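Rule-based calculations on the coordinates, nothing more; no lab input. What you see is a predicted model; the values in this text were computed from it and never measured. Every residue, glycine as well, gets a Cβ built from its backbone with ideal geometry; the counts of neighbours run over all protein chains shown.
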């Protein structure tokens, strides 16, 4: 007997439940086309700057009293190339002297011995407080005070023979650079945690060995990048040795200019060579700083080529955000 409350027919079969995909009717979002903001002020300033540069270049290019052919003729002159080589030589030697003596002065400055610390402080105070041009002249005129260099049985000679233009230039630049390198090295040494030194001493290492094996290698991360900047500055400062008659780049070009009546042209030649040398070492300094920044920054700074690509993409405005 069929229950009267059962409304389902006897021959009816239960239908299967069909699961519907919730994402079947979902429409994918359209790609957002972001319109970059136009910075019209940048365009206007760029046009103004380019116009001023064009006027400046045109003024020099059309100047009747500038013999531009003399610049091209003397750019690779043997005398100019020899002067550029001497500039590079005196810069490298003076920088080596400055780095070595700077490390010694930095260690003396941090020493607990009051005598050595005071001597290092006085040295840095004097050579940083007087112009390098004055120091060059002091070395050049040292024979006025000490006509003879008498070191007893070791060496004895006239001061004028000892203080050659090369020696005056080397001492004037190298000793002055040592004062600045001493402060750079001192900052690098202080950047190393004192726990490193204490741990080395606890292991029985001597103070000198701790400096050589523990402290100085870690301090190089701070010391090396500004040292590259100091060398680039040394290349330009070396022009001051003109005062002690050392035949470097500026003196070589000035000599040619005074005899050929092309003073400005030869100054342009000297400027070109200074720019070439400083530019080459600036690129080297950049990659050196980038290498030593690997352990101190999350991401390395972009290279010049990466910066150029980023600027080109920003100017084109081809950006899309999905």
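For a test of the definition: using alpha carbon positions, the gyration tensor, and the 1.5 limit on a/c, classify the stretch 75-316 as rounded, prolate or oblate. Oblate, since a/c reaches 1.5 and b/c is not below a/b. In this rough spin-label picture, where each label sits 7 Å from Cα along the Cβ direction, the residue 259-residue 190 distance is 5.2 nm. The simple Förster model, with R0 at 30 Å and r as the Cβ-Cβ distance, assigns residue 159 and residue 78 a FRET efficiency of 0.35. State the extension gain, in nm to one decimal, for the chain segment bounded by residue 110 and residue 167, taking 0.36 nm per residue of separation less the distance between their alpha-carbons. Net length gain for the segment: 17.5 nm.
Subtracting the Cα-Cα distance of residue 212 and residue 267 from their residue separation scaled by 0.36 nm leaves 15.3 nm.
Set against the 2.2 N^0.38 Å expectation for a compact globular protein, the stretch 166-274 has a Cα radius of gyration ratio of 1.61. When each of the peptides 80-88, 48-56, 155-163, 29-37 is scored by how many other beta carbons lie within 10 Å of its residues on average, the order from highest to lowest is 80-88, 155-163, 48-56, 29-37. Modelled label positions at residue 118 and residue 201, each set 7 Å beyond Cα in the direction of Cβ, lie 2.3 nm from each other. Distance between the C-alpha centres of the stretch 218-296 and the stretch 102-171: 24 Å, rounded to the whole angstrom.
Computed on the Cα trace of the stretch 213-294, the radius of gyration divided by the Kirkwood hydrodynamic radius gives Rg/Rh = 1.18.
Packing order of peptides 233-244, 271-282, highest average first: 233-244, 271-282 (average count of other Cβ atoms within 10 Å over each peptide's residues). The label point for residue 100 and the one for residue 125, both projected 7 Å from the Cα toward the Cβ, are 2.8 nm apart. For the stretch 27-86, the normalised intensity computed at q = 0.24 Å⁻¹ comes to -0.98 (log10 of I(q)/I(0), Debye sum over alpha carbons, equal scatterers, no solvent). Judged by the gyration tensor of its Cα atoms, with axes a ≥ b ≥ c, the stretch 71-194 is oblate; a/c meets the 1.5 cut and b/c is at least as large as a/b. What the Cβ-Cβ distance of residue 280 and residue 141 gives, at R0 = 35 Å and to the nearest 0.05, is a FRET efficiency of 0.50. Using a Förster distance of 45 angstrom, determine the FRET efficiency expected from the C-beta separation of residue 288 and residue 32, and round it to 0.05. Step by step, r from the Cβ atoms, then E = 0.60. The Cα trace of the stretch 158-198 gives Rg and Dmax of 17.2, 52 Å, the first to one decimal, the second as a whole number.
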